[in-house]
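The values are calculated or read from the model by the stated rules, or taken from the named source; none is laboratory data. Since the structure is predicted, the reported quantities are computational estimates derived from the model, not experimental observations. Here Cβ is always computed from backbone atoms with ideal geometry, including for glycine, and neighbour counts include all displayed protein chains. With ligands, DNA and RNA removed, areas are computed over all heavy atoms of the protein, side chains included. Shrake-Rupley method; radii C 1.70, N 1.55, O 1.52, S 1.80 Å.
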Amino acid sequence: MNEKSAPAVIPVEQEQLLEIARMVVAMLGEMDIRLKQHAERVANLCAGFCENAGILSGDELMHIYLAGLLHDIGYVSIPREVLKRDQSLSEEELLQVKKHPVAGVQILSHYKRFEALLPVVRHHHEAFDGSGYPDKKKGQDIPLGARLIHLFDCFDELSSDYRRAQGMTSEEALAAIREKAGKEFDPDLIPKFIAFMESHAGKAEDFLLKKQAAFVKQSFASILQKFSAGKIVPPAMPQVVFELRNVIKRQEATVKDVAEILEKDPVISLRLISVAKSPAYKGYGDVKSVQAAVPRLGFKETLSMVVAISNKSLYEAKLPQFRVALDKMWGHSLACAYASKLIAQSLFLNDPEIIFLMGLIHDVGKVILLRAFAEIPQEKGFDFETVMTAIQEAHQSIGNMLLKRWGFGDEFSKVISLHEGENFSSQTNKEILVVHLANMLTRKMGLSFFEWDGKDLAEVSSAQLLGLSSDTIGQVEEKVKEIIKDVAHLF
């Protein structure tokens, strides 16, 4: 058996063929949506089976998938009223229908790159005993791809609502196919076919998405391994952040001490001044220098803003599709940070600025994974939802590793590890509950990759344990919207 399987990242040429195939199948769907659905089920099941059973590999897997999509394209030559009729066809109409494999070949012949699919499309209604059509081929003279498509085509017609379906259960359809082994179907394929269909309950998984999901998961596992081994250099927190932390810890620290450190980094200094001047931090007098910005913000909030300004550079990528995602991640993280701080203030918790930082970096692992994934050579055709699902599963471990390298304490690691949990109790640290609730609030605000389920936020477990009402949460939401509008563009 050849171990090479269909590539998870589709090469450009195959991606172009796939796009053409999808357009053609969409034409079928305009005639009768059931034709399109049938083609997709046959393609997904047949390709999945061939890979699972080791029957086909490499480019051949993509070819069988494309053949599954296009096997009935000849139906476009048949009058719609014939296709849509659910009762028995006349003899003349039946002859029209039986011409669709030949018509399909004629259509696809205009696309030279579909040449490998033509024998499969032409012969997918041939029977193993020679009683099929259009050429009455039999046995091994029928191309393997055509014998495979014929199996899944018949199964779907027997068990789905496709055209004149017989409405059988999956078990009944498999029994009917088993009875025709050696007659209509290749007997050598039947045992593996039935085992596969029983293990999948006759349901079609999206073949390409499944391949992509496996590739993405493997990629992120490799990224984590390389990160742990030090083969991927993590982004460094600017030295100014560490110096600022140390100075602020000193009781005798002055505004001048803090300003002198910040002025070592002109970019951070300018952005800090811009934030301090924003409507979100109203005060008397203009802010034209770091020495004026620091007292306006306070020492701890100055540190929070410097960390936020430094973090913003993490959310950058060269490719547009990743840049858009990272921009959205930044908006989510910033909103979560301010929401966490405002919730903490409403509860009179100690050190809301620390909780701001927890909200800011709770998803930092996702950022690192997406940046690393963006560096992997890849063609177009990726389903972004698949990427984000894999990131969701892997981000906590890499986030914790990064925080340790940045010198953040265990309380930050606990937030990263537990903020998405559901099994909270009165023993759960309030910082975790606050960040969880803030995270949920960003969903409600549309600043998340996850959709809000419409539930009253006061009914969320973290809100109930914190004792927050709908009114209080609503006030936090409005304040966060106002702040984000004022400061998001300044970082």
Could you work out how much longer the chain between residue 464 and residue 345 gets when fully extended? Use 0.36 nm per residue separation minus the Cα distance between them, nm to one decimal.
41.2 nm
Could you work out the helix-only [θ] at 222 nm for the chain, with each DSSP H run of four or more residues adding -39,500 (n - 2.57) and the total divided by the number of residues, to the nearest 500 deg cm²/dmol?
-20000 deg cm²/dmol
Measure of size requested: the Rg and Dmax of the stretch 329-373, with Cα atoms as the atom set and Å as the unit; please supply both.
11.9, 40
Just the number, please: carbon plus sulfur as a percent of the accessible area of the stretch 60-102, 1.4 Å probe, no ligands or DNA/RNA counted.
48
Based only on Cα atoms, what Rg/Rh ratio does the stretch 28-162 have, Rh being taken as Kirkwood's radius?
0.95
Out of residues 5 or more away from residue 127 or on other chains, whose amide H comes under 5 Å of its own, with H placed 1.01 Å from N in the peptide plane?
132, 133
In debye, nearest 20: dipole of the stretch 309-446 around its Cα centre with unit charges on the Cβ of K, R (+) and D, E (-)?
280
Given labels modelled 7 Å from the Cα in the Cβ direction, how far is it in nm from residue 178 to residue 110?
4.5
Given charges at beta-carbon only (K, R positive; D, E negative), |dipole| of the chain in Debye
1440
Segment residue 229-residue 316, length gained on full extension (0.36 nm per residue, minus Cα span)
28.9 nm
Count of lysine pairs in the stretch 369-491 with Cα separation under 28 Å (8 or more residues apart, or interchain)
19
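For the stretch 316-364, with all protein chains present and a 1.4 Å probe, just round the carbon and sulfur fraction of the accessible area to a whole percent. Don't skip to the end; give the middle numbers.
Details: 1090 of 1780 Å².
Whole-percent figure for carbon plus sulfur exposure: 61.
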Descending packing, highest mean Cβ count within 10 Å first, for 93-100, 420-427 is 93-100, 420-427
Residue 138: which lysines have alpha carbons under 28 Å from its alpha carbon, excluding same-chain residues fewer than 8 sequence positions away?
98, 99, 112, 180, 183, 192
By the C-alpha gyration tensor axes a ≥ b ≥ c (rounded if a/c is under 1.5, else prolate when a/b exceeds b/c, else oblate), the shape of the stretch 366-448 is oblate
Using a 1.4 Å probe on the protein chains only, how many percent of the accessible area of the stretch 446-491 belongs to carbon and sulfur?
47
If you consider only alpha-carbon coordinates, what radius of gyration and Dmax does the stretch 303-417 have, in Å?
14.9, 51
Å² per residue, accessible surface of the stretch 257-319 at 1.4 Å:
48
So for each of 393-399, 226-232, 304-310, 188-194 I average, over its residues, the number of other beta carbons within 10 Å; can you give me the resulting order with the highest mean first?
304-310, 393-399, 188-194, 226-232
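I'd like the FRET efficiency for residue 471 and residue 411, computed as 1/(1 + (r/R0)^6) with the beta carbon distance as r and R0 of 35 Å, rounded to 0.05.
0.75
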Per residue, accessible area of the stretch 93-212 with a 1.4 Å probe, heavy atoms of protein chains only, in Å², comes to 49
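Which value, in debye to the nearest 20, gives the size of the charge dipole of the stretch 70-135 about its Cα centre, when Lys and Arg are +1 and Asp and Glu are -1 at the Cβ?
Dipole magnitude for the stretch 70-135 comes out near 360 debye.
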Apply the Karplus curve 6.51 cos²θ - 1.76 cosθ + 1.60, θ = phi - 60°, to the phi angles in the stretch 323-336 and return the couplings in whole Hz, x for Gly and Pro.
4, 4, 5, 5, 4, 5, 4, 5, x, 5, 5, 5, 5, 5
How are the alpha carbon pair distances in the stretch 103-235 distributed across 5 Å bins from zero to the largest one, expressed in percent?
2, 9, 14, 15, 15, 13, 9, 6, 5, 5, 4, 2, 1, 0
Could you list which residues have their amide H under 5 Å from that of residue 232, counting only those 5 or more apart in sequence or on another chain, with H placed in the peptide plane?
227
Under a 1.4 Å probe, counting only protein heavy atoms, residue 254 has an accessible area in Å², nearest 10, of 60
Which whole-number percentage describes the relative contact order of the chain, with Cα contacts under 8 Å and a sequence gap of 6 or more?
12
Stretch residue 288-residue 267 to full length: gain in nm at 0.36 nm per residue minus the Cα-Cα span?
6.1 nm
Normalised radius of gyration for the chain, please: alpha carbon Rg relative to 2.2 N^0.38 Å, two decimal places.
1.30
